[in-house]
Amino acid sequence: MRGDTKAKHGGNLSLALDFGPLLVFFLSYKGAGWLWGPGNPITAMIFGTAAFMAAIVVAVIVSKVKLGRVSPMLWLSAVLIVFFGTLTIVYRDQSFIQIKPTIIYAFFALMLFAGLMRGKALLKYLLQAAYDGLTEEGWRKLSRNWAFFFVGMAIANEVMRRTMSFDSWLAVKVWGVTIVSVVFAGANLPMLMRHGLDLGDKLDSEDIGETTPPQG
């Protein structure tokens, strides 16, 4: 039964598909800066953004082929990355790609809060991840927690992009935000256990991977 569940959810793969394009962006940007020198930051930014757009398209394809589905979060990330990436390249302005995370986080926060106001735990459907045994109250609390987390992330991204250089913003986005997201997902596990999650069967990295927010 456990093997079937993991094959269906693919938590580690889901996390890799989400984090991978961002890592490609970071490495491409840094690599371009090394190739063309620090005097060409716009060229490096455009090169990194183009690689980011290509990587998210590949992630969508891999998700469809390997998991048989593309999560709503990945779809939204892909659409916004391609849209804002195109604007970044056309107008040669990094602010377009920097504001994208704010929009993603704000959108999901609004969606989750709207669902909670209607008595529904939309996170269960947005992530398409099911914890066997988790009660509806558990899903509602998890949705509430992530909604507040998304609000905090949106505010943090706005502060970072307005006060940091692009290099510093990207480094924090790739490493700091990802680590904070995974830690926050893990911090929710005790609450999930109190609401039906089986500790012996469910506590591993794949479950955390299924409930991290979009990193794109």
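The values are calculated or read from the model by the stated rules, or taken from the named source; none is laboratory data. As the structure is a computational prediction, the values presented were derived from the model and not from experiment. Cβ atoms come from the backbone with ideal geometry, glycine included; neighbour counts cover every protein chain shown. Side chains are part of the model used for accessible areas, which takes the heavy atoms of the whole protein and leaves out ligands, DNA and RNA. Shrake-Rupley method; radii C 1.70, N 1.55, O 1.52, S 1.80 Å.
Exceedance of the 22 Å cut-off in Cα-Cα distance is limited, within the set 30/100; 66/120; 64/120; 120/173, to 66/120; 64/120; 120/173. Distance between the pseudo-spin-label points of residue 164 and residue 34 (7 Å out from Cα toward the beta carbon): 2.1 nm. Annotation: residue 75 carries an accessible surface of approximately 130 Å², with a 1.4 Å probe and no ligand, DNA or RNA atoms counted.
The order of 102, 135 by accessible area, most exposed first and with a 1.4 Å probe, is 135, 102.
Please give the FRET efficiency for residue 118 paired with residue 82, using the beta carbon to beta carbon distance and R0 = 25 Å, rounded to the nearest 0.05.
Details: r = 31 Å, r/R0 = 1.23.
The computed FRET efficiency comes out at 0.20.
Estimated at the nearest 10 Å², the accessible area of residue 124 is 60 Å² with a 1.4 Å probe. When nucleic acids and ligands are ignored and a 1.4 Å probe is applied, residue 158 ends up with an accessible area of around 40 Å².
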